[in-house]
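Since the structure comes first, as structure tokens, the remarks are kept for the end.
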Amino acid sequence: MKEVSIFSPATVANVSCAFDILGFAMENAGDEMVFRKTTQKGIRIVMKNFRELPAQPEQNVAGVVALAMIEKSQPDFGILIEIKKGILPGSGMGSSGASAGGAAFGVNRLLGEPFTQTELVQFAMLGEALASGVAHADNVAPNLFGGFTLVRSTSPLDIIPLHTPPSLSVSVLHPLIEVKTKNARNILKKSLLLKDAVLQWGNIAGLVSGLFMEDYGLIARSMHDGIVEPVRSMLIPLFDELKQAALEAGALGCSISGSGPSVFALSDNGAVAKNVTRALKKVYAGREVPYETFTSAIGQQGCRVLTKSNNG
Ligand code: HSE
């Protein structure tokens, strides 16, 4: 294969109670990336939009992933990566995760697929480390595996794809303000009370069980985050109003997508999710903060090939 173009999905990390260990892929929001073999060795990055993002491979989220992969596999060709971002950086929808996971997926294809999915996650975490200073995997794991994906441990890396109820759908409202993951992590408390941890553990176990059992009542009861959401929600204009509107419109739960500022809500089917998106929009209607919204099924697949070619 000489060239492959791929879709790399947006992801919602944390899923309310499961900070740093759970995320899911979106079906219809994401980046497009093209990977082309070149005779000149090494990695070259071309940003098709967001040209202010660094294109030097060592400073680019996709670039550091690709560099590590060719360092390991020593191909006799180079790779040109074109990135067209559909997810705004700093949105909380896994923008850096999409670049990093997409790079791992696309480069692996051009190399003849020498690496396992879990190894791809490991490479992609290098991109997250560059972007936020922390090699968290709860965006890149679902970006690559699709559906809901659990990161049981990052050292050693242990990724568990979970069952994803097929009708489950997501609404996202993205206020167009930038929140850097690094900053959103710095404001978190470094320790917590055992009683708060116990509540959180119960909710995480309930959420995971609810997914497997397709028990929407259990999912709804479990989508509570008493640790991270109370701190980070202060960065999000009208967060409480958004959450209340989503729940009143029938959402199972509503919380912050990744490190924010995007807010997501899960619904048990696509029709309810559309209503929920409408309700979220109403909260922001006529306010000062510009925003965009998404309504999507859960992306069962993760990164996927759009076209491939042997010519060029
Ligand atoms: N788990 C990470 C965080 C996700 O909340 O900081 C960042 O997208």
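Where a number appears in this text, it was derived from the coordinates with a stated rule and is not lab data. Keep in mind that what you see is a predicted model, and the values were worked out from it rather than measured. All Cβ positions, glycine included, derive from the backbone under ideal geometry; neighbour counts span all protein chains shown.
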Expressed as a whole number of Å, what is the distance separating the alpha-carbon centroids of the stretch 132-170 and the stretch 3-34? 9
List the DSSP H helices in the chain whose Cα atoms stretch 27 Å or more along the helix axis and whose mean Kyte-Doolittle hydropathy is at least -1.0. 194-213
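Report, in listed order, any pair from LYS41/LYS72; LYS189/LYS243; LYS243/LYS274; LYS84/LYS281; LYS37/LYS84; LYS85/LYS180 with a Cα-Cα distance greater than 20 Å.
On the way: LYS41/LYS72 14 Å; LYS189/LYS243 23 Å; LYS243/LYS274 15 Å; LYS84/LYS281 26 Å; LYS37/LYS84 18 Å; LYS85/LYS180 17 Å.
Where the Cα-Cα span goes over 20 Å, the pairs concerned are LYS189/LYS243; LYS84/LYS281.
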So how do ARG232, ARG109 line up by other beta-carbon neighbours within 10 Å, fewest first? ARG109, ARG232
Projected onto the charge dipole of the stretch 169-297 (unit charges on the beta-carbon of Lys, Arg, Asp and Glu, signs +1, +1, -1, -1), the Cα from GLN244, TYR291, MET234 with the largest positive-side position is that of MET234
Pairwise label distance in nanometres, SER191 with ASP240, each label 7 Å out on the Cα-Cβ vector: 3.0
What distance in nm separates the simple spin-label points at ILE160 and THR38, each placed 7 Å from Cα in the Cβ direction? 4.3
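Between ASN310 and GLU119, take the C-beta separation as r, use R0 = 35 Å, and let me know the FRET efficiency to the nearest 0.05.
Details: r = 25 Å, r/R0 = 0.72.
That pair, ASN310 with GLU119, gives E of 0.90.
Give, rounded to the nearest 20 debye, the magnitude of the charge dipole that the chain has about its Cα centre when Lys and Arg contribute +1 at Cβ and Asp and Glu contribute -1 at Cβ.
I would put it at about 520 debye.
So, R0 is 51 Å and r is the distance between the beta-carbons of ASP215 and ASN49; what FRET efficiency does that work out to, to 0.05?
On the way: r = 41 Å, r/R0 = 0.81.
E(calc), rounded to 0.05, equals 0.80.
Once you list every other residue whose beta carbon is under 12 Å from the beta carbon of VAL283, what net charge do they have if Lys and Arg are +1 and Asp and Glu are -1?
Numbers: positive: LYS243, ARG278, LYS281, LYS282, ARG287; negative: ASP240, GLU241, GLU248.
Result for the local shell: +2.
What number, rounded to the nearest 500 deg cm²/dmol, is the helix-based mean residue ellipticity at 222 nm of the chain, given -39500 (n - 2.57) per DSSP H run of at least four residues and division by all its residues?
Helix-only estimate at 222 nm: -11000 deg cm²/dmol.
Convex hull volume of the Cα atoms in the chain, per residue, in Å³?
So the per-residue hull volume is 123 Å³.
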Ranked by how many other beta carbons lie within 10 Å on average, peptides 296-304, 235-243, 6-14, 136-144 from highest: 136-144, 6-14, 296-304, 235-243
Compactness ratio of the stretch 169-297: Cα Rg over 2.2 N^0.38 Å, N = residue count? 1.06
Alpha-carbon centroids, the stretch 187-220 and the stretch 94-115: separation in whole Å: 31
